[in-house]
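Engineer: Below are the structure tokens for one structure; questions will follow.
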Amino acid sequence: VKNCFLLVANPLCEVRGRLLATNYRLKFQTLRGSLREELRWMQDARYFDVPMGTIEDIREEKSTTVAGVLEQKIKIQTKDLRTLSILLVQDSDARGIFEAVAAFSYPGNATLLFAFRHAERVWAQGRCTEDQDGWHLYDPIQEYTRMGVESDLIANFASPWKVSKINAEYGLCSTYPALLALPKNMADEELLAVSRFRKRARLPAMSWCGGPEYQFASLWRCSQTTEGLVGNKCPEDQKMVECIRRGRGQGDRSLLVIDLRPWKSAWANKAGGGGFEGYANCRLVFGGIDNIHAVRDAWKAMSAAVAAVNDEEVGSWIKDVAASGWYDYIGAILNSTLKTVKEITEFRSSVMVHCSDGWDRTAQVTSLAMLCLDSSYRTQPGFLRLVQKEWCSFGHRFRTRLALGEQPSSEYSPVILQWLECVHVLLQQFPQHFEWTSAVLLRLAQEVTSNRYGTFLCDSEKERSQKVMPFALSLWSELLKPEEAASWRNDDWVPTAEPLIPRVSQVNYGVWEAYWFRFHPRGPRLRTDLANDAASEATPVHSEASSLSLPVVQGLGMTLAEPTSSSASTSPARKRGEAAGTSPPEKESAQDAAKRRPAPQQFFADDDDDDIFAKPKPAKTSAPAAAASEASTVKTAPTSTSLGAAGSSGEPAQTVSVPAVAETSNAASLEVPQPVALQEPSPAEPSSCSQPEQASTAPTPASASPPQPDATSVEVVPPVAESSRSFLPEGTTPAQSAVAESSPSPEQAAKPSEPDVPAEVDEHSADKDLML
């Protein structure tokens, strides 16, 4: 849409620009210099850049002004707290936008999502190797063997548990992983009977085992029973629960069974054919965690509280946050986690956890408990293995809960986002016990709905292994690349095998401001504070006032030095150096420390797409350089002028094709009479296993001045007659058509073209621009 207006409520104004649609995102682009200063934060936060998978709802609104003029608007609501209202000029514009969103946001078939096109592009360029394949980061055999469970890899006669292949073909339970850790004393026929008694066949399965150190005390997950009000019994289920309780002879202590539902909900489910364990030698505790519908309502209420924040008004922030109930549910999750951790560590006794189906609240509590119990999950690769194991393999319904590839239903609920904030609370309380920072939590919150990777596209391991893994990339491949891992590594990490005991009182919580205020005017100030904190991080902080701000700073992925005594003021890095026999380095300045620290992953990367309408400024070159450039680029009517490399944010140079216009000194007044072919820049983060390619232009002589970092690459084509401005084949909708390719450079023309891949598709992503 070449001419539209973004409606802004605070301050009340209209921003003129155009709306670009690709198979990856919707993007509103403004004229250079047309965006008001108080709105620059929106561009810095990439507010205008909306991935198709992030669109929750789009609707058309028509109204009549006081002057009797019909106004047509589209309102876009996203899954990450953004709302965009765009005023359109023509009726046909809205139709094109709706077609694009329907084709790429919720096509109804996951295989039509951008992740598959993105993987094709990466593989075609040979930028992904087998050792970078994140799909095999989690190996269940190795993981359970590490815990002391008997497997085909290592026999362990002391362990009461074994790795079973009874579900290898997903015949026992279609939503469980292929390999399960189960009691040795249960025969396969008995396991089949238990699966028939449990809802959706999700029988008790082991999540974690403490090994000999904890007398093989373990953590189990399952779904509710199906006894109903009539009290149907299953002897095999009772036997399995008893086997879990006894373990390796834990004595007469009752098995702690945590039913994560409120007790009223549990009884209501029992009336509908569900149930809970009223067995002998079982101690049943209700967790009081509400269902997915309450989570969705609390998340939306919290979003409304954030939107109502205005730093120039008193407001009702504390009241609104409390009324949302969001942190009440987080407290309930942490409280169930605490009960689980204490039972295993203090009494060496197993715990069984379940909710209704065992794939939402159950995954939240088991994965948090494993973070507290097992230090291996507090490492960088270990944390990703934990997500793959407890969430992806054990069947959390990512596609249904986040509406990936389909329109949101009544089952839509951001359960995974709630868990990420629970993890953030643990990071606040134990900042030095994790090898990673909250930057990876922000990245996960972004990627679960981006549709760039196949990690979260399905509802079960069976569906993912058959329909996604052979055709898409894993997010873990990207996050574990050395340059990427450095951006979310905690340099102050102190490895320890001691279990973590979370503090569950809400007074210990801190709002995850880096998430909630990503797309809020407070975002620029938060980033400024982060920069100031990073510059002063090498200076010890001894004041009490400074220590009070520590949770807030840690919530944004940073760490400040806590006030310590002189005997305990040695940094962890200094201690590790002394332990290795090396002398501690001299104290460096704050500026040197900021330069030395690897830059964290930028989720507020600068967006240089605002200058696409501007008249390009030619680089200052000498006469020989200009002649060489002209000889290498000017060949036919389409002329290619290279104006710069990647921007400061790390994105590659942008390529724009616009009709030739008369020379003008005012860049902001440039008129675009025709839809243009714009090669979309890559997403904010580099694609999996990808490296930027070199531009295929002639080398610039040394006498030429260096390119500007924000410059774009513009391809100017001569004007065409009005009758020939047909960019779409007859009968083709805008959402089904990609832009016409621009003429390649001589070097590109010499190379054989790839099938179905435009010559100038961005090397970091395979999104293609649509002419709307």
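Engineer: Can you tell me the FRET efficiency between K75 and E120 if r is taken as the Cβ-Cβ distance and R0 is 35 Å, rounded to the nearest 0.05?
Structural biologist: 0.55
Engineer: Using the Karplus curve 6.51 cos²θ - 1.76 cosθ + 1.60 with θ = phi - 60°, what ³J(HN,Hα) values do you get for each residue of the range 79-95, in whole Hz, with x for Gly and Pro?
Structural biologist: 7, 10, 6, 9, 9, 10, 10, 10, 8, 9, 9, 10, 5, 5, 4, 4, 4
Engineer: Charges only on Cβ, +1 for Lys and Arg, -1 for Asp and Glu: so what's the dipole of the range 179-326 about the Cα centre, in debye to the nearest 20? Present the calculation step by step, with values, prior to reporting the outcome.
Structural biologist: Values: 20 positive and 17 negative charges, 119 e Å.
So the magnitude is around 580 debye.
Engineer: Could you work out the relative contact order of the range 155-279? I mean the mean sequence separation of Cα pairs under 8 Å and 6+ apart, divided by the number of residues, in percent.
Structural biologist: With pairs under 8 Å counted, the relative contact order is 21 percent.
Engineer: Another question about this same structure. Got a sec to turn the phi values of the range 212-220 into Karplus ³J(HN,Hα) couplings, 6.51 cos²θ - 1.76 cosθ + 1.60 with θ = phi - 60°, whole Hz, x for Gly and Pro?
Structural biologist: x, 4, 10, 6, 6, 4, 9, 10, 10
Engineer: At 0.36 nm per residue, and after removing the present C-alpha to C-alpha distance, how many nm does the segment from A168 to D252 gain when stretched out fully?
Structural biologist: Working: separation 84, 0.36 × 84 = 30.24 nm, distance 3.46 nm.
Fully extending the segment from A168 to D252 adds 26.8 nm.
Engineer: I've got another one for you. Evaluate Rg over Rh across the range 283-388, taking Cα atoms for both radii and Kirkwood's formula for Rh.
Structural biologist: Details: Rg = 17.0 Å, Rh = 15.8 Å.
Reported Rg/Rh (Cα atoms, Kirkwood Rh): 1.07.
Engineer: Which entries of K79/K165; K75/K264; K233/K300; K342/K389; K79/K319; K75/K319 have Cα-Cα distances beyond 31 Å here?
Structural biologist: K79/K165; K75/K264; K233/K300
Engineer: Let me ask something additional. Of M302, M352, W326, which is farthest towards the positive pole of the range 294-400's charge dipole, taken about the Cα centre with +1 and -1 on the beta-carbons of Lys, Arg and Asp, Glu respectively?
Structural biologist: Positive-end residue among those listed: M352.
Engineer: For Q142 and A301 in one chain, what is 0.36 nm times their gap in residues minus the Cα-Cα distance, to one decimal in nm?
Structural biologist: Numbers: separation 159, 0.36 × 159 = 57.24 nm, distance 4.25 nm.
So the chain would gain 53.0 nm between Q142 and A301.
Engineer: Output the Cα-based Rg and Dmax of the range 37-146 in Å, rounding Rg to one decimal and Dmax to a whole number.
Structural biologist: Values for the range 37-146 (Cα only, Rg and Dmax): 20.9, 75 Å.
Engineer: Here is a further query. Place a point 7 Å from Cα of R196 in the direction of its Cβ. Which residues in the range 216-241 have their backbone N less than 20 Å from it?
Structural biologist: What the label zone holds, given the 20 Å backbone N cut-off, is 223-241.
Engineer: For the range 349-365, what does the Karplus curve 6.51 cos²θ - 1.76 cosθ + 1.60, with θ = phi - 60°, yield as ³J(HN,Hα) per residue in whole Hz, taken in order and with x for Gly and Pro?
Structural biologist: Along the range 349-365, the couplings run 10, 6, 9, 10, 10, 7, 10, 7, 9, x, 10, 10, 5, 5, 5, 4, 6 Hz.
Engineer: I want to make sure I understand the PRE zone here: with the label point 7 angstrom from the Cα of D328 toward its beta carbon, which residues in the range 250-285 have backbone N atoms less than 17 Å away?
Structural biologist: So the set is 261-266.
Engineer: At what distance in nm do the modelled label points of T528 and A102 sit from each other, each positioned 7 Å from its Cα along Cα→Cβ?
Structural biologist: With each label point 7 Å from Cα toward Cβ, the separation is 4.6 nm.
Engineer: Still on this structure, please answer the following. Counting only protein heavy atoms and a 1.4 Å probe, tell me what percentage of the range 161-304's accessible area is made up of carbon and sulfur.
Structural biologist: It is 49 percent, rounded to a whole number.
Engineer: Then there's this: Amide H to amide H, which residues 5 or more places from C13 or on other chains are under 5 Å from it, using H placed in the peptide plane?
Structural biologist: Here the answer is V8, since their amide H atoms fall under 5 Å of that of C13.
Engineer: Using a Förster distance of 35 Å, how high is the FRET efficiency between R36 and T379, based on the Cβ-Cβ distance and rounded to 0.05?
Structural biologist: 0.15
Engineer: At 7 Å along the Cα-to-beta-carbon direction for both C13 and A187, put a label point, then send me their distance in nm to one decimal.
Structural biologist: Calculated label separation equals 7.8 nm.
Engineer: A further question on this structure: Considering amide H positions built from the backbone, and no H for Pro or chain starts, which residues 5 or more places from A181, or on another chain, come under 5 Å of its amide H?
Structural biologist: For A181, the qualifying residues are S164, M206.
Engineer: When only Cα pairs under 8 Å and 6 or more residues apart are kept, what is the percent relative contact order across the range 218-278?
Structural biologist: Details: 42 pairs, mean separation 32.5, N = 61.
Taking the mean separation of contacting Cα pairs over the length of the range 218-278, I get 53 percent.
Engineer: In whole percent, and with a 1.4 Å probe on the protein chains, what portion of the accessible area of the range 353-424 is carbon and sulfur?
Structural biologist: Carbon and sulfur together cover 40 percent of it.
Engineer: On full extension of the chain, what length is gained from F347 through I318, given 0.36 nm per residue of separation minus the C-alpha to C-alpha distance? Before the final figure, lay out each step's value.
Structural biologist: Numbers: separation 29, 0.36 × 29 = 10.44 nm, distance 3.93 nm.
Using 0.36 nm per residue and subtracting the Cα-Cα distance, I get 6.5 nm.
Engineer: Relative contact order (percent) for the range 143-211, with alpha-carbon contacts under 8 angstrom and 6 or more residues of separation?
Structural biologist: 31 percent
Engineer: Tell me which residues come under 5 Å, amide H to amide H, from N3 once H is placed; ignore anything under 5 positions away on its chain.
Structural biologist: L19
The values are calculated or read from the model by the stated rules, or taken from the named source; none is laboratory data. The structure displayed is predicted, hence computed values, not measured ones. Virtual Cβ from ideal backbone geometry, glycine too; neighbours counted across all protein chains shown. What goes into the accessible areas is simple: the full protein's heavy atoms, side chains included, and nothing from ligands, DNA or RNA. Shrake-Rupley method; radii C 1.70, N 1.55, O 1.52, S 1.80 Å.
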